[in-house]
Amino acid sequence: MGDRPVEEIPDADSEQVWQRVCAVDVAKESGMVCTRLPSGSGRRVSRVWKVAATTNAVGDLAAELVAAGVEKVTVESTSDYWRIWFYLFEAAGLDVQLVNARDVRNVPGRPKTDKLDAVWLAKLTEKGLLRPSFVPPAAIRALRDYTRMRVDLVRDRTRYWSRLEKLLEDALIKVSSVASTLKTLSTRDMVEALIAGERDPQVLASLAHGRLRRRHDALVEALTGRFDAHHGELARILLDQIRRLDTEIANLTERIGQVIDDIDPPPPATATDDADAEGGDIHLAARRRLAEIPGINTESAQLIIAEIGLDMTRFPTAGHLVSWAKLSPRTIQSGTSLTAGGTGKGNPYLKGVLGMAAATAARGHTTFLSARYRRLVTRRGKGKALVAVARSILVIIWHLLADPTARYHDLGADHHDRRINTTRRTNSLVRQLEALGHTVTLQPAA
């Protein structure tokens, strides 16, 4: 090989040959099952049959696979139909992996049938050619269901607020142009008064609280419109839906707190008090340590734990987690040509909360993350700068979860300035001035 550099790439844990495997090509009502087992003649034999996607049928299949000594089971991730297969196989003690349907496409030119797909999936499984998807343990999956439901309900509530604003615009009520949002107590009281039949803009404007009172004249103009009975009926429906969602979100938040206490228990109160009295560090719960990162609050930390779990052994390095979350832009290489690729879709809930955390951190002025955003936004644009900050936050999260004793320590907004080689920077600036025809004499500052 001469002097050419040689790079050794070790196989992943999943890249090994299995002797006894099973694969399931998943559909809604059934699954095509294929097992590949050694026969007495030394050759491998494939058996293919259809199994109904019901709890009893899949449970019986799991028991049959355990009795046959199957070492590895592969389930294709088709919509949500894979769940019954994965959960029951996992409960039976089988080593089951979920694979993305995009990664197991058959060779072009071959017939496309469920039976051939199952056989192809089994052959890929036995040769260790599949990359398993991340499926968290059952406790984290339950927490994930709660947090995702809360996110969905918050989005639904936001849509109802938008519909209410459109309804007021249809009634020529422009209160949202004066008040920053319809969610304030003042604007809610005004809308309730409109629904009750009050039409006098002076009376409606007098319902303002706090600093909004100073804009009385603007409120009178904004509340002068044509709000009639049918607007009141529709506004009542929208406000009732918003109030119901407020209650459900509050209940979900309380339930999430109870569930995460079981997964990520807080330290004993006595230990906390003793540590605070002595001014020392204690072993904090993971969600509290994550909430110390700029841009992340308690609800964001709960959602992050629900999406990636607490066991970082599933992601050997921070780079693996970033790659899985699709926050690492790809580099496409072909010969001497290098092309920048996109990040990909990734987990929408995780990317959403990290994007909001990055935007919040970017608005600061005294943290490392805000300085990183300002360094990147001028030359890379707002979108790419936010993705870079979100990636940095996820790297920090990996380190905090990988080491239960680690705490977040901000490097400071001047971190990069302190790392500059002042001699090299000075010489560079002197050469630039000399190139412009100046004679430079350096004197130390007083």
Quiz item: Just to be sure, is Ala361 touching a Gly at 6+ places or on another chain (Cβ under 7 Å), surrounded by 13 or more Cβ atoms within 10 Å (Cβ to Cβ) and not aromatic (Phe, Trp, Tyr)?
Solution: yes
Quiz item: Looking at Arg418, Arg407, which one is farther than 24 Å from His320 by Cα and over 17 Å from the mean Cα position of the chain (by Cα)?
Solution: Arg418
Exercise. Hey, could you check the range 433-446 for residues that are surrounded by 11 or more Cβ atoms within 10 Å (Cβ to Cβ) and in a helix (DSSP H, G or I) and say which is nearest to the chain's Cα centre (by Cα)?
Key: Leu433
Exercise. Give the range 188-215 a look and list any residue that's of a type in the set (Gly, Ala, Ser), under 23 Å from Asp228 (Cβ atoms) and open to solvent by 50 Å² or more (accessible area, probe 1.4 Å), or say none.
Key: Ala196, Ser206
Practice problem: Output the residue which, of all residues in the range 342-378 that are touching a residue at least 60 places away in the same chain (Cβ under 8 Å) and hydroxyl-bearing (Ser, Thr, Tyr), is nearest to Leu327 (Cα to Cα). | Solution: Tyr349
Self-check item: Check on Leu238, in contact with a Phe, Trp or Tyr (Cβ under 7 Å, 6 or more places away or on another chain), open to solvent by less than 40 Å² (accessible area, probe 1.4 Å) and of a type in the set (A, V, I, L, M, F, W, C)
Solution: yes
Exercise. Restrict the check to the range 176-187 and report whether at least one residue is assigned to a helix (DSSP H, G or I), among the aliphatic types (A, V, I, L, M), without any contact (Cβ under 8 Å) to a residue 24 or more places away in the chain and surrounded by fewer than 15 Cβ atoms within 10 Å (Cβ to Cβ).
Key: no
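Rundown of residues vs (1) more than 20 Å from Ala286 (Cα to Cα); (2) open to solvent by less than 100 Å² (accessible area, probe 1.4 Å); (3) of a type in the set (A, V, I, L, M); (4) not in a helix (DSSP H, G or I), yes/no style:
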{"position": "Ile396", "(1), (2), (3), (4)": "no, yes, yes, no"}
{"position": "Tyr408", "(1), (2), (3), (4)": "no, yes, no, yes"}
{"position": "Thr426", "(1), (2), (3), (4)": "yes, yes, no, no"}
{"position": "Val430", "(1), (2), (3), (4)": "yes, yes, yes, no"}
Quiz item: Which pairs do you get when a residue that is of a type in the set (Asp, Glu), found in the range 25-46, comes within reach of a residue that is open to solvent by less than 70 Å² (accessible area, probe 1.4 Å), reach meaning Cβ atoms under 6 angstrom, with the pair 6+ apart or on two chains?
Solution: Asp25/Met32; Asp25/Glu76; Asp25/Asp117; Asp25/Ala118; Glu29/Ala53
Quiz item: Can you tell me how many residues in the range 292-317 are open to solvent by 30 Å² or more (accessible area, probe 1.4 Å), farther than 16 Å from Arg407 by Cα and assigned to a helix (DSSP H, G or I)?
Solution: 3
Quiz item: Which of (1) open to solvent by 70 Å² or more (accessible area, probe 1.4 Å); (2) of a type outside the set (Val, Ile, Thr); (3) closer than 30 Å to Glu198 by Cβ; (4) at pLDDT below 95 does Asp273 not meet, given it meets every other one?
Solution: (3)
Exercise. Determine which single condition Ile173 fails, assuming it passes every other condition in (1) under 28 Å from Lys345 (Cβ atoms); (2) of a type in the set (Val, Ile, Thr); (3) outside any helix (DSSP H, G or I).
Key: (1)
Quiz item: Across the range 111-143, what is the total count of residues that are open to solvent by less than 50 Å² (accessible area, probe 1.4 Å), in contact (Cβ under 8 Å) with a residue 40 or more places away in the chain and not in a loop (DSSP other than H, G, I, E, B)?
Solution: 11
Quiz item: If the Cβ limit is 8 Å and pairs must be 6+ apart or interchain, which residue in the range 63-85 that is closer than 16 Å to Leu124 by Cβ pairs with which residue that is at pLDDT 90 or above and in a helix (DSSP H, G or I)?
Solution: Val73/Leu65; Val73/Phe89; Val75/Trp85; Val75/Phe86; Val75/Phe89
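The values are calculated or read from the model by the stated rules, or taken from the named source; none is laboratory data. All values reported here derive from a predicted model rather than from experimental measurement. Neighbour counts run over all protein chains shown; Cβ positions are idealised from the backbone, glycine included. Please note that ligands, DNA and RNA were not included when accessible areas were found on the heavy atoms of the full protein model with its side chains. Shrake-Rupley method; radii C 1.70, N 1.55, O 1.52, S 1.80 Å.
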